[in-house]
Structure formats: C-alpha cells, structure tokens
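Let me begin by presenting the structure, written as structure tokens, before commenting on it.
Rule-based calculations on the coordinates, nothing more; no lab input. What you are looking at is a predicted structure, and each value in this text was computed from that prediction instead of being measured. So basically every Cβ, Gly included, is an ideal-geometry build from the backbone, and we count neighbours across all protein chains shown.
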Amino acid sequence: MSEQANYSAVLFDMGGVLLDMANAASLPEGKLDWRGRQALLAYLRRRGAKVDLEDLDELLFQPWRERYEQRYQLGREADWRIHFKRLRHELGVRSHDLTLLSTWFAPYSEQVTAMPSARPVVSTLAGRGISLGIVSNVPLPGRLYEGILAHYGLLEPFATRRFSYDEGSRKPSPSMVRSALAILGVPPSRAMMVGDRRAMDVAAGRAAGVTTVWLAGDDDDGPEPDAEIRDLPELLRLL
C-alpha cells in the first residue's frame, strides 16, 4: 500500500466494524427471535387476526428461511415480500411489510450496539473532508439498520448506504462498492474499503479496484488485503 496515496473516500462494512450486531447473522435469532415473534403475534392479534406461533412459522418464517439458506448460491438476499403477501392473504390483515418486520426486529435491535471507536473515527474522517459510505450484506431492508445507526450518531456522516437486501447483490460481488463510489463521485484509485471479512469485504473491494483494509479477526479466509489493522483507530494512520 503506497504511503503517498491520496484517498478521498472510505467505504465501511457495517457489522463488526461500525456496529456490534449481537450475532453473525445480523438478524433475530434464539431468544430474540422468539421475543420478536411474540411481539409480531400480539400485533397481528390486535388487528383481528386469528393466528398462533405455528401459523407464523408456516406462513412466514419457514418459507423465508428456505430461501435465506440459498443466498450464497443466488448472490442476493431472500426477499420477504412474497411471504408477507401470503401472510396477509391468509390472515386477512392489512399492514406494511416494514411495519411487520420492524415489530419482529425490535427486540433484537435493542441488543445491537456501536463499536467503541466507530463514532470518533467516523467523525475524524468526516472532519477531514473524506467522503464516507457503508457497503453491507444484510438480510433485511436497510431502513431497519439505519435506525440503529441513527441512534448511535452513525447515520448522518455517511453520504451513501448500500445494503444488499435493497441492492439485489451481495459481497463479494463488487456491485455495491461500485454503486457507492458512483454516488460519491470518487474513482476506485482514491477509495478504500474497510471490513472484517476477507472473503466478502476484501474480495469485493479488490474486484472493484479500491484499496482494501482488513480489520483483523476470525474471518480470515479470503484474498490478502492491501493493509491490515487490529482496531479501527489504526485506520487514521493510513489516510
């Protein structure tokens, strides 16, 4: 990595870099999944639906999970819309997809926290006039995660947020990296991608032609990064 490089944009992965997502899947699992289902069940019953947990699993969660398990092969996230359409038809209720997802997501979202150094590092970069973006694989609409980012003061500094669920493409495809750079108006030669997964973040960045920085951790299977850091503040010395 050239010490003379002049970077004008930094793209960040979200989970494990900006936010501690509470689990590797970045969605409700275990007790938090159960609490979310209970909340969704109560919401639907208040709207007059005759429904139990088994109905929710059969109509919504089980068919979605089957598609979710194919995300790596398909290169895109599993779409919730067809499953919510089925749920509304069978139960005779009217409600927006995002409202239903938010109800299930809420108990989990309360457990997601900002990484300790994320806000000061992001603020420092923004103060230097560096354009910032988020490029993240997520299994749910980006608006749900943007609410968490906003809560921790980590939304406004990012001029663009590319989430795989909304974009129809997942890293290691370079599509979201290229899309973010196009919005920022920055060429790959002046951009940097920071992530904690070499097989996803580093691979996507390399394919897009940007400088890659790996926030070292357990996800070390993948291409070599241009630079490696042990904690996020080390990034400031690379810019």
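Descriptive notes on the structure:
- Our coupling estimate for region 88-96, obtained by passing each phi through the Karplus curve with A = 6.51, B = -1.76, C = 1.60 and θ = phi - 60°, is 5, 5, 5, 9, x, 10, 10, 6, 6 Hz, Gly and Pro reported as x.
- Each Cα pair under 8 Å and six or more residues apart adds its separation to the average, and for the chain the resulting relative contact order is 25 percent.
- Proxy reagent accessibility, fewest Cβ within 10 Å first, across SER131, SER8: SER8, SER131
- Segment GLU234..ALA150, full-extension length gain: 27.8 nm, with 0.36 nm per residue of separation and the alpha-carbon distance subtracted.
- Order of LEU132, LEU11, LEU236, LEU18 - criterion: other Cβ atoms within 10 Å of each residue's Cβ, fewest first: LEU236, LEU132, LEU18, LEU11
- Ordering VAL138, VAL10, LEU41 by the projection of their Cα atoms onto the charge dipole of the chain, which places +1 on the Cβ of Lys and Arg and -1 on the Cβ of Asp and Glu, puts LEU41 at the extreme positive end.
- In Hz, Karplus ³J(HN,Hα) per residue of region 97-103 (6.51, -1.76, 1.60; θ = phi - 60°; x = Gly, Pro): 3, 5, 5, 5, 5, 4, 5
- For Cα extents along the principal axes in Å, calculated from these coordinates, the label among [x] 65, 33, 32; [y] 42, 40, 37; [z] 63, 51, 24: [x]
- Each Lys and Arg Cβ is given +1 and each Asp and Glu Cβ -1; about its Cα centre, region 30-109 then shows a dipole of about 340 debye.
- C-alpha long axis of helix 118-127 to longest principal axis of the chain, angle in °: 50
- The protection proxy used here, the mean number of other Cβ atoms lying within 10 Å of each residue, ranks peptides 195-203, 99-107, 171-179 as follows, highest first: 195-203, 171-179, 99-107.
- In the chain, the calculated helix contribution to ellipticity at 222 nm averages -11000 deg cm²/dmol per residue, counting -39,500 (n - 2.57) for every DSSP H run with n ≥ 4.
- Dipole size of region 65-170 about its Cα centre, with +1 on Lys/Arg Cβ and -1 on Asp/Glu Cβ: approximately 160 debye, rounded to the nearest 20.
- Note on region 30-109: dipole from Cβ charges, positive end direction compared against TYR72, LEU60, LEU100; the farthest Cα belongs to LEU100.
- Evaluated with a Cβ-only charge set (Lys, Arg +1; Asp, Glu -1), the chain carries a dipole of roughly 980 debye about its Cα centre, given to the nearest 20.
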